[in-house]
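Here is the structure we will look at.
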Amino acid sequence: MEAIRELIKESRKIVLKVGSNVLSDDKGVVNSENLKNLVDQTMEFIKMGKQVVIVSSGAGICGVGAINKWTRRDDISYKQALCAIGQVELMLGYKEAFMAHGVHVAQILLTREDFQDRYRTLNMRNALFTLVDEGVVPIVNENDSVCVEEIKIGDNDTLSALTANLWNADLLIVLSDIDGVYDKDPKKNGDANFIEEVWDIDGLLQEIDVFGKSDFGTGGILTKIEAARRVNEYGASMILLNGKKQNILKDAISGEAKGTVFFPR
Ligand code: GLU
């Protein structure tokens, strides 16, 4: 789609949100080839002179992959423990993949409270700006191990939008396991229509059935649409793309990718 190509071309500061589904295989295990492919594609942006901040999920599923137990534990302390274990694995994966290109990564773990406190917000901004200016790729996730359900941001769609606004990004790219927004669930309705461009989110919500939720991630289509609303309010655009497709970012750069673009009004 030409609109996607144009948007990427004119954006300098890009936040890339990577869902757990994008990194994992069908069994929910993180696949290092997927991660490497994603990092190689991110390097294309960097080579084009763009600045990139990644918001990545995957701590939970990496924790399960690393320790191979506790998947059925519902207690919050075990979920927190899995994320604490998995966050290390996740960062190791990113570190190795970016190091192959001679690029350093940095881990930033944030909570809802951080975004509510002016002083912390300022510090986070400074850290993000400094890292990016120095050519380091910050990798942001929620600090799952210190958050219980009630005080969580809860999904990284929202976290990526908050991060994009904090860093004054021009563009948020959300990589998920769907091509974009349809008016109905395309898996169940052969006549579902794909929506390429959105200019009015309230209008969109009246038009579509909000369906489905991804298997391994936390958010669904609604959290993605609300993420778009957040960045649109700050004048930035959002593109929703299918990160399970090999080379989706390269295709986006060349205008060959299918996706939904949310434009600020
Ligand atoms: N922060 C969670 C993790 O890294 C994921 C949240 C989400 O799926 O949006 O496991």
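The values are calculated or read from the model by the stated rules, or taken from the named source; none is laboratory data. Quick caveat: nothing in here was measured; it's all calculated off a predicted structure. Here Cβ is always computed from backbone atoms with ideal geometry, including for glycine, and neighbour counts include all displayed protein chains. Heads up: the accessible areas ignore ligands, DNA and RNA and are worked out on the full protein's heavy atoms, side chains in. Shrake-Rupley method; radii C 1.70, N 1.55, O 1.52, S 1.80 Å.
Inside the range 198-230, can you point out the residues that are modelled with pLDDT of 95 or more and open to solvent by 90 Å² or more (accessible area, probe 1.4 Å)?
W199, R230
Could you tell me which of the residues A100, A81, A106, A59 is open to solvent by less than 40 Å² (accessible area, probe 1.4 Å), more than 16 Å from the ligand (Cβ to nearest atom) and either of a type in the set (A, V, I, L, M, F, W, C) or touching a residue at least 40 places away in the same chain (Cβ under 8 Å) (or both)?
Details: A100 fails: open to solvent by less than 40 Å² (accessible area, probe 1.4 Å); A81 fails: more than 16 Å from the ligand (Cβ to nearest atom); A59 fails: more than 16 Å from the ligand (Cβ to nearest atom).
After ruling out the rest, the residue left standing is A106.
Before we move on, is L249 of a type in the set (A, V, I, L, M, F, W, C), in contact with a Lys or Arg (Cβ under 7 Å, 6 or more places away or on another chain) and closer than 17 Å to L38 by Cβ? Talk me through it step by step, then tell me what you get.
Details: of a type in the set (A, V, I, L, M, F, W, C): yes; in contact with a Lys or Arg (Cβ under 7 Å, 6 or more places away or on another chain): no; closer than 17 Å to L38 by Cβ: yes.
Here the answer is no, as L249 does not meet what is asked.
Can we say I151 is within 12 Å of the ligand (Cβ to nearest atom) and either open to solvent by 20 Å² or more (accessible area, probe 1.4 Å) or touching a residue at least 24 places away in the same chain (Cβ under 8 Å) (or both)?
Taking the combined requirement at face value, the residue does not satisfy it.
For the range 152-265, list the strands (runs of 3 or more DSSP E) that sit wholly inside it and hold at least 2 residues that are under 24 Å from I61 (Cβ atoms) and hydrophobic (A, V, I, L, M, F, W, C); which are they? Outline the logic, then answer.
On the way: elements: 171-176, 237-242, 259-262.
Counting at least 2 such residues, we get 171-176, 237-242.
Among residues belonging to the range 25-49 that are hydrophobic (A, V, I, L, M, F, W, C) and in a loop (DSSP other than H, G, I, E, B), point out the one that is modelled with the lowest pLDDT. Quick ask: steps written out before the conclusion?
Initially, the range 25-49 is screened for residues hydrophobic (A, V, I, L, M, F, W, C), giving 29-30, 35, 38-39, 43, 45-46, 48.
Of the ones still in play, those that are also in a loop (DSSP other than H, G, I, E, B) are 29, 48.
Working: V29: 79, M48: 97.
So, considering only residues that are hydrophobic (A, V, I, L, M, F, W, C) and in a loop (DSSP other than H, G, I, E, B), the one modelled with the lowest pLDDT is V29.
Taking the conditions exactly as written (open to solvent by 20 Å² or more (accessible area, probe 1.4 Å), closer than 20 Å to G86 by Cα and small (G, A, S)), does S145 satisfy them or not? Can you show your working first?
Numbers: open to solvent by 20 Å² or more (accessible area, probe 1.4 Å): yes; closer than 20 Å to G86 by Cα: yes; small (G, A, S): yes.
Considered against the rule, which asks whether it is open to solvent by 20 Å² or more (accessible area, probe 1.4 Å), closer than 20 Å to G86 by Cα and small (G, A, S), S145 comes out as yes.
Any residue in the range 124-147 that is at pLDDT below 95, within 13 Å of the ligand (Cβ to nearest atom) and over 20 Å from the mean Cα position of the chain (by Cα)?
Yes, the conditions are met somewhere in the range 124-147.
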